[in-house]
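Any read-out appearing in this document is the output of simple, stated calculations on the displayed coordinates, not a laboratory observation. All values reported here derive from a predicted model rather than from experimental measurement. All Cβ positions, glycine included, derive from the backbone under ideal geometry; neighbour counts span all protein chains shown.
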Amino acid sequence: MSDELQWMIERQIPHLRRYAFALTRDRDTADEIVQDCLERALRKRHLWQRRGSIRSWLFRILHRQSVNHFRRVRGDHVPAETGVIDMTVAQPPDQEARMECLNMAEALDRLPAEQRAVVLFVALEGLAYDEVAEITGVPVGTVRSRLSRARETLRLSREAAPPERQAAKLRIVK
């Protein structure tokens, strides 16, 4: 393997780990999926045609690995573990912001897998719609539609929050 290709793949590992963790909410499972992705990428490196970005190619492999993983475990829903999200020992009071993050994580978990993947690619990884379309293997219009439906669902879940959480949101937004 060329040093250049190895360097390009290594630069993407933090992005792959972040996306995998956002999908699984479990560091061990996320690392397992990323490892499978990297193994497959190294075995199939001759298939990368050096057109487009290596990031899109790796995310396409990671996306397929995660779909295969979830098919194996037969789970369409991955619960958020609060202990994993907040791993710090001591921190200043941030209950309202933390609750907002937990609520958003739970709302993301309730989205269908296809919508959750698109939201994470666009919002978390900052990928363009055409890159997401290439990674997921669907037309750009489908990516936009899934993203629109996911955003609307997330917006409605925020509006459906109990009154005490709505008051907290108003303080955070201001």
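The figures follow:
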item	result
Label-point separation, Glu4 to Arg43 (7 Å along Cα→Cβ), nm	2.7
Estimated distance in nm for a label pair at Arg11 and Glu106, the labels positioned 7 Å out from Cα along Cα-to-Cβ	4.0
Stretch gain in nm, segment Ala97-Leu124, where the contour uses 0.36 nm per residue and the Cα spacing is subtracted	7.9 nm
For Pro139, net neighbour charge (Lys/Arg +1, Asp/Glu -1) across residues whose Cβ lies under 14 Å away	-2
Förster radius 22 Å - calculated FRET efficiency between Ser53 and Ser145, Cβ distance, rounded to 0.05	0.40
Formal net charge of residues neighbouring Arg149 (Cβ-Cβ distance under 13 Å; K, R +1; D, E -1)	+4
Cβ-based net charge around Leu108, under 10 Å, with every Lys or Arg adding one and every Asp or Glu removing one	+1
Separation between Cα centres of segment 1-78 and segment 119-135, rounded to whole Å	14
